[in-house]
Ligand code: C5P
């Protein structure tokens, strides 16, 4: 019998164009109104039959990516284990390789993307035929951002971010992402948000003006409405991000904000040429490690 051929799935990064955060819940999570937009920076997850579960990861040009754990704690490995368990397959016998291009530990959901990619890839490799609903269910168990990595495009996430309502996007938006030197822990940023919030924050709601800007593809309206309630907490823990935000604004970005829980910062530009100018200026400013240009929306997890 011949082994099935390897399966590769491409998965996008995301930016949160609105991240409205409510008070801490009894389970430790926060209720959100989280408007996700998938952006065209991708990881590729390849799975192939093997004697046991193993994981490898390389960055651009085959470089090692020391920040990515290669054990069973990696969300991609956990996705394979969860799918195998649900389908009575026991310990997954699969080699998972992640070709990483999404900035690591940055608030761009790279780990979540790898989980969604591994799930879709293993489903195809093993012929488990899981329904979309079942895949989304497993994604939600793995992490609050994982369901969005599966669906891509644009969506409003409520609950802790895992309950998705797909959104229409009427145009292409160009972004620059400044990659910081160092990382930020998501739980630490939410903890700092709680510390900085004197009273119970209001119930998070999606901004009608922002949803309208996405629907009509109006970049200036989008720039006027992007918000991130985690930004003060991220800046409090990582104060030098302020100079990155200022450098992007001085270079002509229409909007500048922390991406998710950071420390990656996101800059909205009027068009591709504008984005390339802002990226060059950010790199020249010395306020970030590197800057990447990407357009949105981007498709979700896709077999290639
Ligand atoms: O769901 P995920 O594993 O990505 O969440 C990581 C951490 O981020 C949680 O343990 C929690 O501290 C924080 N979080 C939160 N509220 C959310 C999502 C994440 O407090 N809605």
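The values are calculated or read from the model by the stated rules, or taken from the named source; none is laboratory data. Nothing here was measured: the structure is a model prediction, and the numbers come from that model. Please note: Cβ atoms are built from the backbone with ideal geometry, for glycine as well, and neighbour counts cover all protein chains shown.
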Do we have any residue at all in the range 70-88 that's outside any helix (DSSP H, G or I), closer than 30 Å to residue 225 by Cβ and modelled with pLDDT of 95 or more?
no
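Would you check which residues across the range 28-45 are within 16 Å of the ligand (Cβ to nearest atom) and in contact (Cβ under 8 Å) with a residue 40 or more places away in the chain and list them? Break it down stepwise before answering.
Residues of the range 28-45 that are within 16 Å of the ligand (Cβ to nearest atom), as a first pass: 28-36.
Passing the criteria: 29, 30, 31, 32, 33, 34, 35, 36.
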Out of the residues in the range 152-207 that are without any contact (Cβ under 8 Å) to a residue 24 or more places away in the chain and away from the ligand (no atom under 15 Å from the Cβ), which is nearest to residue 13 (Cα to Cα)?
166
Inside the range 255-278, can you point out the residues that are touching a helix residue (DSSP H, G or I) at 6+ places or on another chain (Cβ under 9 Å), buried (at least 20 other Cβ atoms within 10 Å of the Cβ) and over 19 Å from residue 193 (Cβ atoms)?
255, 256, 267, 268, 269, 278
Identify, by number, the condition in (1) more than 25 Å from residue 215 (Cα to Cα); (2) in a strand (DSSP E or B); (3) out of contact with any helix residue (DSSP H, G or I) (no Cβ under 8 Å at 6 or more places or on another chain) that residue 33 doesn't meet.
(1)
Within the range 92-131, which residues are in a loop (DSSP other than H, G, I, E, B), over 18 Å from residue 56 (Cα atoms) and more than 17 Å from the chain's Cα centre (by Cα)?
127, 128, 129, 130, 131
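Only one of these is within 16 Å of the ligand (Cβ to nearest atom) and out of contact with any strand residue (DSSP E or B) (no Cβ under 6 Å at 6 or more places or on another chain): 261, 285, 250. Name it. Break it down stepwise before answering.
Values: 285 fails: within 16 Å of the ligand (Cβ to nearest atom); 250 fails: within 16 Å of the ligand (Cβ to nearest atom).
It is 261.
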Residue 285 being touching a residue at least 40 places away in the same chain (Cβ under 8 Å), over 25 Å from residue 24 (Cα atoms) and in contact with a helix residue (DSSP H, G or I) (Cβ under 6 Å, 6 or more places away or on another chain):
yes
Given the residues 244, 227, 264, 216, which is the only one that is under 19 Å from the mean Cα position of the chain (by Cα) and more than 18 Å from residue 40 (Cα to Cα)?
227
Name, by its number, the condition in (1) outside any helix (DSSP H, G or I); (2) crowded, with 21+ Cβ neighbours inside 10 Å; (3) in contact (Cβ under 8 Å) with a residue 40 or more places away in the chain; (4) in contact with a helix residue (DSSP H, G or I) (Cβ under 8 Å, 6 or more places away or on another chain) that does not hold for residue 244.
(1)
Subset of the range 280-294, residues crowded, with 21+ Cβ neighbours inside 10 Å and not in a strand (DSSP E or B), comes to 282, 287, 288
